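Asks: Sharing a structure here in structure tokens format.
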Amino acid sequence: MRTTGKQCGLAATGVYQTSLRSPWLAAIEKQIENLPPEEKTRQRQHLAQPVLDNLKAWLEKNRTRVPRDSLTYKAMQYTLNQWELLIGYLADGRLKISNVLAENATRPFAVGRNNGLFADTPRGAKASATVYSLIETAKANGLEPFTYLHPVLQHITLVEPLQLKTGGERYYPGTSTSRESKRADSLALTND
């Protein structure tokens, strides 16, 4: 039986994701979740690196035990080929082991995809993408989207396009360093 690229990709993704969802790696992440990034990096290298080294050794040893044309072999080979990306999170404590936050942030795009059929023009589609981006950026920065967007949309027509490129940064939610100052910035916009 011949396998399709999609089937191989699904099987490979399964092995890849299974390796990241290992109960040992999950337990390590739970144990270090509240540590500062530098300490998290050290702990991952001390605790998770051996688990991942064992996984790699197991994959290298056992991939020869399955038929080369099987999805399992292809998935194991894919995981080994992507190994540097798989272990990349060990080098930086700010990185997450899972991409679930990114998946959750993009879910509204997938759900709203059919709504895009009614954006009759490229400008309409671009406007829709801009609104999605603003909403997700606000949420990612701990702001309630309506509270952030309402004053921005009220004032956006008052700003010249050139000013947006040079001085509109104050309207971007990621410009403040703390959550409190972000909320204060958002509330200050309503008083302008």
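The values are calculated or read from the model by the stated rules, or taken from the named source; none is laboratory data. Please read all numbers here as calculations on a predicted model, not as lab measurements. Here Cβ is always computed from backbone atoms with ideal geometry, including for glycine, and neighbour counts include all displayed protein chains.
Asks: Any idea which of Arg65, Arg21 is at negative phi, modelled with pLDDT under 90 and loosely packed, with under 12 Cβ neighbours inside 10 Å?
Replies: Values: Arg65 fails: modelled with pLDDT under 90.
From the options Arg65, Arg21, the qualifying one is Arg21.
Asks: Something else: Considering (1) at pLDDT 65 or above; (2) touching a Ser or Thr at 6+ places or on another chain (Cβ under 9 Å); (3) of a type outside the set (Ser, Thr, Tyr); (4) over 30 Å from Asn62 (Cα atoms), say which one Gly174 fails and leave the rest.
Replies: Of (1) at pLDDT 65 or above; (2) touching a Ser or Thr at 6+ places or on another chain (Cβ under 9 Å); (3) of a type outside the set (Ser, Thr, Tyr); (4) over 30 Å from Asn62 (Cα atoms), only one is false for Gly174: (1).
Condition check ((1) closer than 30 Å to Glu38 by Cβ; (2) assigned by TED's automatic domain parsing to the domain that holds Ala129; (3) among the basic types (Lys, Arg)) across all residues:
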| position | (1), (2), (3) |
| --- | --- |
| Lys56 | yes, no, yes |
| Glu60 | no, no, no |
| Arg63 | no, no, yes |
| Pro67 | no, no, no |
| Gln77 | no, no, no |
| Asn104 | yes, yes, no |
| Arg107 | no, yes, yes |
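Asks: Restricting to region 107-159, and then to whatever is polar (S, T, N, Q) and surrounded by 13 or more Cβ atoms within 10 Å (Cβ to Cβ), can you tell me which residue is modelled with the lowest pLDDT? Spell out how you get there, then give the answer.
Replies: Going through region 107-159, the residues polar (S, T, N, Q) turn out to be 114-115, 121, 128, 130, 133, 137, 141, 147, 154, 157.
In the following step, the residues that additionally are surrounded by 13 or more Cβ atoms within 10 Å (Cβ to Cβ) were identified as 128, 137, 141, 147.
Values: Ser128: 77, Thr137: 83, Asn141: 85, Thr147: 90.
Going through the qualifying residues, I end up with Ser128.
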